[in-house]
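Below you'll find the structure, written out as structure tokens, and then a few comments.
The values are calculated or read from the model by the stated rules, or taken from the named source; none is laboratory data. All values derive from a computational prediction rather than experimental measurement. Neighbour counts run over all protein chains shown; Cβ positions are idealised from the backbone, glycine included.
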Amino acid sequence: MQRDARAGLQRRALLLEYGTIAWNAGEAVLTVALGIAAASLALIGFGADSVIEIFASAVVVWHLAPGHDTDSPQRTALALRLVSIAFALLGVVLATLATRDLVTGRRPDESIWGIVYLSLTAVVMFGLAAAKRRVAMRLDSAPLRSEATMTFLDGILATGTTLGLALNAAVGWWWADPAAALLVAAASLNEARENWEEAAESAGAAGEP
């Protein structure tokens, strides 16, 4: 790939990450506020997920920063390890909150604004994830590809939380949201494992122990 074309793709990737960080910063504040108002751990947990997503995006921004060798196996391995940690944190947070809700039978109040906002968030996250994957394939960037998966899971979580809140409001299925969160938690923990293994392979290629 020509140097100018690669630089253009890196700029596009950075813009996508900056957009993700900006959206998730606002999302964290808003969903936690809505969650407190509705006594909804689902919304509060979604705010925690947004903070973790910001961390993962910041790792990719660091990895793709101009003036650095983004093809360096050592730099790539470190970025993948950090993204793996973000996936693990996401999985643990979601599993903890979901298990608590299922065990205690906690029923959140209705949150129409939460449902509306999370529906919009799902559309935004799926769009960002698709755009990141396209750029990651052209750049052959493992950290960007992995973070795109986290953005996609964020969209899945938004969809599941929306359905959970809606089903609770409509038919009293309070368990739908924590059940969906557990599935996303399992997927996140699996991604954490795969990213850590990929980081080990990258480090091995660089001659690291």
Among the candidates 59, 32, residue that is within 30 Å of residue 197 (Cβ to Cβ) and out of contact with any Ser or Thr (no Cβ under 8 Å at 6 or more places or on another chain)
59
Set 48, 22: member being at pLDDT below 85 and small (Gly, Ala, Ser):
48
Residue 92 vs (1) over 20 Å from residue 54 (Cα atoms); (2) surrounded by fewer than 17 Cβ atoms within 10 Å (Cβ to Cβ): all pass except (1)
Given (1) in contact (Cβ under 8 Å) with a residue 12 or more places away in the chain; (2) under 21 Å from residue 173 (Cα atoms), index of the condition residue 96 fails:
(1)
Just to be sure, is residue 21 among the β-branched types (Val, Ile, Thr), in a helix (DSSP H, G or I) and touching a residue at least 40 places away in the same chain (Cβ under 8 Å)?
yes
Test result for residue 36, in a helix (DSSP H, G or I), free of Cβ contacts under 8 Å to residues at least 12 places away in the same chain and aliphatic (A, V, I, L, M)
yes
